[in-house]
Amino acid sequence: MLIKPNLIKLLIAIGVLLIVPHIASLPTSFILIAFTLLVWRALTLWIPKTLPNKWLLLPLAIGLGFFVLKTYGMSLGRDASSSLLILLMGLKLLESRTARDAQAVIYMSFFILITPFLFEQQITIALYALFIFYLLLLALVINNTQSESLINPPLLRLSGFVLLQSLPLMLIFFVLFPRMVGPLWAMPDEQSAISGISNTINPGSVSNLALSDETAFRVRFNSPAPPQKDLYWRGPVFWETNGQSWTLTPPKQDSFKQATPLAEKKSDIHYTLMMEPHHQFWLYALDIPASAPKTARLTHDHQLVLANKLSRNISFDIRSTTQEVITKLSDNDLKRALKVPDNIDPRTFALANSWVKTSPDKSAIVKRALLFFNNEFYYTLKPPSLGKNPVAKFLFETKRGFCGHFATSFATLMRIAGIPTRLIGGYQGGVYNKVGDFYNIRQADAHVWTEVWLADKGWLRVDPTAAIAPNRIEHSIDPSLQRINSDINFLLNPPEGIHEWIQQIKWGINSFDYYWQNAVLAYGPEKQLNFLSGFGILDWVDMVKWLAILSVLTLIIFLSVILIRQNQTHDPVQKAYLAFCKKYAKKFGVHLPHETATDYFNRAIKNYPEKTEQLKTLKTLYLNTRYGKAAEQVFIQGVKHFKL
Amino acid sequence: MPLALSARLSLKRFTKGEAAQHTAIKLNHRRIFVLPNKAGLTLAIIILLMLVASINYNNSMGFVFTFLLAAAAQASAFYCFKNLSGLVVSLTKTPNYYAGSTGYINLDIKETGERQRWAIHAAHLNQLKTFDIAKDLLLSIKIPIKLKHRGWYTPSTITLSTSFPFGLFRAWSPLLFKQPILVYPQAIDMGLPLNFQLFSKEQNKLQSQQLGTDDFAGLKPYQQGHNYRHINWKAFAAEKGLFSNEFNAEQSASIWLDWQSCQPLALEEKISQLCFWVLQCESQGLEYGLRLPNIELAPSHGAAHQHACLKKLALFEPI
């Protein structure tokens, strides 16, 4: 059976729709080649001569295969397989001549349908994919019927019905299919765009984030939320610097051993944190995390570290405390926290030493330094570029900077002054979503601050940015109002009028997204166990058992609906007549297919002449219900009363 | 009619169908079988691959669409079944064919409700017909059959099948009908002269003339089945209506088509020759009788007589 021209058009359209979500994530060359293949196939519809034969297609396929191999190497990861699949789909479509080829193209399209989700799983993409899924079902139907036209209402309806009918079973499987922890095989390290704080901090790195409205994570408090200025979301802790940037060293085993989780009653804040995949090992937690959630570990410098890079949405239940926690400082840590890089400018040394000389104690030095920043510095999103010695240039020449500048230079000064200091990366603040009752922490809230160690107080948070721009800590930055080289805008006043409406809608969408992430995307092994244990389903054996029971039950319901609806006979007269024929089949002989009702009754009369009158009446009644205007009930009653 | 357990489990029921029936057969769940076909199994592999990818990346939306596809494929099995179930299939009378020609099985397919059916295949031996029933309540399907031998031709299993809607499952229903088709012998002129001497070519003309003039007995109103050679065209031209010339039966010579006169031929050749003569005599409007060993049909003419003769010839078995 040859492929239908209209089906080719549909498949080309589906192909285009399938490639579109990949435009941002795959190399442009692959996207262009894939589109070219589809355009080529479209061209063959008008000019059949341009349809390539296999001697052209085979080298082309091999060539494109090598191209993918050359780009990605031998590893068949997410990017490589997505690229390969969209090219193969185009090639297969070019080669398609029969209905069987079309079936293969449709199957490939189903696979390609899930590849965009390996990059992003937003609800918009999901709805988009659902639409393509419907089109693919339609393509299957068109390919397996004689319908030449795509717009065939019964078939359009049927595809929709099948889609609706498959939802319950899909949901049962989604909820109950046992999820596994960890990948089945080691995946090549994909170059995902790392968003948010990275593992090196240099003075300017955070300011790039201030323009991004993207969500970093969301938090819902299960206990009263702390005030906005205390919302310090602690991420990686930086100890090492080379004078230009601060780099994260992965925590050692000792660090996990020395960690001191707090008892539950000492941790006063409970919350659920819904992380977006940021492809890093660390987790963010409200300063200071009291203990680690199930899948993470706590370090002695209060970082939460995951076993694997976070590549999907996961929610964590975390406890934190805002009370001060006094920790000891080991000799090793003291050394690390005091290490001053070699290439420090003499002016920096001089400044720090002047504070040491004029201050009675270490906390006075800290205050002195904050005062210094408060007096002479200016908070801006686009600071002038700093050269090889960023700290000195910032402190003595440009004096304009963002939180990264203040924190790094402050930490360097403190270390010179002999105060153990470390740098903390994370987020500060967040926007409260009234509709969904959660805080939305955006990339724009990225922040860097420091911690100094004072003998009597332990590690103490010092945020130099707060000294310069208290607004930054009290209110969140408004990325939509930022202009390059201008003052920073904060979300100060609640919006009014139409803006309030816009904000409400934004909150609504954001809340919906939150539920989507929390309920659907984060539904992994941990969440599944958590959710199902509420129903008494505790391990995968139970899951499989319930999966089997519920899916069989669903199938039985569908099947019985079909069988019940099929057995409904519509015509009472015909029903009675057939019952009559069946009842007397042995006496009158079986009603033959070519026999008319008249033939049949005449035959019956011949066999049973003594019943002639009654049979004749029945015959007339029957014929009259069929062709005349006799009451149906009379015939039905007549049949009932007939006896031999 | 309930089935015994052995009949229920016999493999024949799945391939050849239940015991032959001479009434209409309604397709119900007992007669329809559904299994995934090759394309369905291929899709199963694709679904498995999608599942592995989803597990590997622990991707929720991957799971959603993998399960959605699996559920849709599963649901299509119901639609596949529904596409066949409830149809009432019967064989209808066919005209009688001659051996060596191509005949047709007339299959009547009746949709008792008003459902639409799509892409149903009716297969008999190697012949396949595909049809939709879109609101037609009764559809007649003609499946060609090669008729090689005279006698009763019993249609073998007629299989109705469908892969609707997605081509993943095949629902099929094998049906056997107990409605044999009578196949007349092949009419071949083996070149033998008829024993009735009048029947050489020139004399035939003479004979006709004699019959036409001398034995004319009158007119009778034309009825279907009358030989068109006997129509009284003069009367028709005079707009008196259609009349047939009636000949005096007793006066017209009757011909005996005799088995004995075909002695030099082999059995099947004899039958073919006799068959040819029957057809020839009938078309000439002659009266003819048939003599076979142990069988004798008195001379007569007309469609019913021709059928009786041909039937005897078709079913003739030498002792």
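The values are calculated or read from the model by the stated rules, or taken from the named source; none is laboratory data. Remember, predicted model here, so these are calculated numbers, not experimental data. Glycine gets a Cβ as well: all are built from the backbone with ideal geometry, and neighbour counts include every protein chain shown.
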Given (1) closer than 26 Å to B:ASN28 by Cα; (2) buried (at least 16 other Cβ atoms within 10 Å of the Cβ); (3) away from chain B (no Cβ under 13 Å); (4) without any contact (Cβ under 8 Å) to a residue 60 or more places away in the chain, where does A:ALA597 come up short, assuming only one miss? (2)
Scanning region A:524-561 for residues that are acidic (Asp, Glu) and surrounded by 13 or more Cβ atoms within 10 Å (Cβ to Cβ) gives A:GLU526, A:ASP542
Residue check, A:ARG179 at pLDDT 85 or above, part of a loop (DSSP other than H, G, I, E, B) and of a type in the set (D, E, K, R): yes
May I ask you to say which residue of B:SER272, B:SER254 is buried (at least 19 other Cβ atoms within 10 Å of the Cβ) and of a type in the set (S, T, N, Q)? B:SER272
Filter region B:78-108 for residues that are aliphatic (A, V, I, L, M) and within 18 Å of B:LYS178 (Cβ to Cβ); the one that is surrounded by the fewest Cβ atoms within 10 Å (Cβ to Cβ) is B:VAL88
Of A:LYS643, A:LYS616, A:LYS586, which residue is over 60 Å from the mean Cα position of the chain (by Cα) and within 30 Å of B:HIS29 (Cβ to Cβ)? A:LYS586
I need every pair where a residue in region A:86-99 that is in the same structural domain as A:TRP55 (by TED's automatic domain parsing) has its Cβ under 7 Å from the Cβ of a residue that is outside any helix (DSSP H, G or I) and of a type in the set (Val, Ile, Thr), sequence separation at least 6 or different chains. A:SER96/A:ILE3; A:ARG97/A:ILE3; A:THR98/A:ILE3; A:ALA99/A:ILE3
So in region B:109-151, with the set limited to residues that are of a type in the set (A, V, I, L, M, F, W, C) and touching a Leu at 6+ places or on another chain (Cβ under 7 Å), which one is nearest to the other protein chains (Cβ to nearest Cβ)? B:PHE131
Any idea which of (1) over 22 Å from A:THR465 (Cα atoms); (2) crowded, with 21+ Cβ neighbours inside 10 Å is the one A:PHE406 doesn't satisfy? (1)
Could you list, in sequence order, all residues of region A:381-397 that are in contact with a Phe, Trp or Tyr (Cβ under 7 Å, 6 or more places away or on another chain) and within 20 Å of A:ALA446 (Cα to Cα)? A:LEU381, A:PRO383
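With more than 32 Å from the chain's Cα centre (by Cα), in the same structural domain as A:SER207 (by TED's automatic domain parsing) and over 14 Å from A:PHE373 (Cα atoms) as the only criterion, which of A:ALA411, A:ALA417, A:ALA444 stands out?
Checking each option against the conditions leaves just A:ALA417.
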When region B:242-261 is examined, which residues are found to be outside any strand (DSSP E or B) and either at pLDDT 75 or above or under 34 Å from the mean Cα position of the chain (by Cα) (or both)? B:LEU242, B:TRP259, B:GLN260, B:SER261
Return yes or no: is A:TYR577 at pLDDT 85 or above and either under 60 Å from the mean Cα position of the chain (by Cα) or within 14 Å of chain B (Cβ to nearest Cβ) (or both)? no
If we scan region A:229-248, do we find a residue that is part of a helix (DSSP H, G or I) and closer than 30 Å to A:VAL391 by Cβ? yes
Looking at the structure I just gave you, is A:LEU262 in contact (Cβ under 8 Å) with a residue 24 or more places away in the chain, outside the structural domain of A:LEU118 (by TED's automatic domain parsing) and part of a strand (DSSP E or B)? no
A:THR620 is checked against (1) assigned to a helix (DSSP H, G or I); (2) within 14 Å of chain B (Cβ to nearest Cβ); (3) surrounded by 15 or more Cβ atoms within 10 Å (Cβ to Cβ) and fails just one. What number does that condition carry? (2)
Only helices (runs of 4 or more DSSP H) wholly contained in region B:1-93 count here; list those with 1 or more residues that are in contact with a strand residue (DSSP E or B) (Cβ under 6 Å, 6 or more places away or on another chain) and facing chain A (nearest Cβ under 8 Å). B:60-84
Please count how many residues of region A:116-165 are hydroxyl-bearing (Ser, Thr, Tyr), within 24 Å of A:GLN517 (Cβ to Cβ) and facing chain B (nearest Cβ under 7 Å). 0
